[in-house]
Amino acid sequence: MLRGVRGEAAQNRPRAGVYARAGVLLIHSTRTTTAGVGLAGPEVHRIQSPFSPEAVGAAARAALAVFQADVPHPKKWAGVGKEFLAACGVRSWKELQKGARFCGIELSSDGVIRLSATHNGGTSGDDGGFQPNDVPDRVIASDASDHDLGTAILATIEQCS
């Protein structure tokens with residue numbers, strides 16, 4: 001599940017995310033529910049190290065292209081995200097998060113892509129999950145090359161903690 005959807009207009013903006021784990025990037029689509037809750041989409045692009053900026057940028061664009069807004073809000077949460085976790089090659093959210101970094105990607109209405117670095121707050125407690133950190137969002141033009149977008153994503157991941 002994703003946190004931080006900022007109002008109705010923001011929830012309908014294309015979003016994606018990147019999990020950086022040992023030697024692999026998992027770039028995924030997102031969906032937002034009719035209640036505004038962000039969910040990781042089942043589409044996952046796996047990129048092995050060494051990371052090609054072109055491949056990272058192209059995968060991020062592909063993930064943004066399949067963003068879905070206003071999907072039905074789950075009535076039951078058991079099993080939500082199961083397809084996503086399987087595509088990531090893990091069995092649980094805890095396994096996915098352990099030792100990972102996360103970068104949020106949002107295509108803004110002003111024609112830019114915003115990249116948000118996060119802090120991994122662990123798997124439990126009030127500060128658990130991926131939380132905003134003190135690093136300002138990185139902004140890149142939506143028509144930047146795949147190489148430039150991928151380079152910006154890789155730089156943002158380095159700012160995650």
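The values are calculated or read from the model by the stated rules, or taken from the named source; none is laboratory data. Note that the structure is a prediction, hence the values are computed from the model and not measured. So basically every Cβ, Gly included, is an ideal-geometry build from the backbone, and we count neighbours across all protein chains shown.
Summary of computed values
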item: Options 140, 157: the member that is surrounded by 14 or more Cβ atoms within 10 Å (Cβ to Cβ) and part of a strand (DSSP E or B); result: 140
item: Output for segment 26-47, where each listed residue is of a type outside the set (Ser, Thr, Tyr) and more than 14 Å from residue 90 (Cβ to Cβ); result: 27, 31, 35, 36, 37, 38, 39, 41, 43, 45, 47
item: Qualifying residue in segment 72-85 (condition: farther than 23 Å from residue 157 by Cβ and either among the polar types (S, T, N, Q) or in contact with a helix residue (DSSP H, G or I) (Cβ under 7 Å, 6 or more places away or on another chain) (or both)); result: no
item: Segment 11-24, residues that are free of Cβ contacts under 8 Å to residues at least 60 places away in the same chain and either farther than 23 Å from residue 111 by Cα or of a type in the set (A, V, I, L, M) (or both); result: 23, 24
item: Hits in segment 48-93 (condition: surrounded by fewer than 16 Cβ atoms within 10 Å (Cβ to Cβ), hydrophobic (A, V, I, L, M, F, W, C) and over 15 Å from residue 19 (Cβ atoms)); result: 62, 65, 66, 71, 77, 78, 80
item: Of the criteria (1) at pLDDT 95 or above; (2) buried (at least 20 other Cβ atoms within 10 Å of the Cβ); (3) within 20 Å of residue 97 (Cα to Cα), which one residue 15 fails; result: (1)
item: Check on residue 120, farther than 22 Å from residue 67 by Cα and buried (at least 16 other Cβ atoms within 10 Å of the Cβ); result: yes
item: Among residues of segment 23-37, those that are small (Gly, Ala, Ser) and surrounded by 20 or more Cβ atoms within 10 Å (Cβ to Cβ), counted; result: 1
item: Some residue of segment 122-129 being within 29 Å of residue 34 (Cβ to Cβ) and touching a helix residue (DSSP H, G or I) at 6+ places or on another chain (Cβ under 6 Å); result: yes
item: Complete set of residues in segment 143-154 that are over 15 Å from the mean Cα position of the chain (by Cα), more than 15 Å from residue 20 (Cβ to Cβ) and not in a loop (DSSP other than H, G, I, E, B); result: 146, 147, 148
item: Segment 36-51, residues that are outside any strand (DSSP E or B) and on the phi < 0 side of the Ramachandran plot; result: 37, 49, 50, 51
item: Counted residues, segment 84-101 - those being part of a loop (DSSP other than H, G, I, E, B), of a type outside the set (A, V, I, L, M, F, W, C) and closer than 23 Å to residue 67 by Cα; result: 2
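So that you can scan it fast, the table gives a plain yes or no per residue for (1) touching a residue at least 60 places away in the same chain (Cβ under 8 Å); (2) touching a strand residue (DSSP E or B) at 6+ places or on another chain (Cβ under 8 Å):
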| position | (1), (2) |
| --- | --- |
| 50 | no, no |
| 75 | no, no |
| 102 | yes, yes |
| 115 | no, yes |
| 135 | no, yes |
| 150 | yes, no |
| 154 | yes, no |
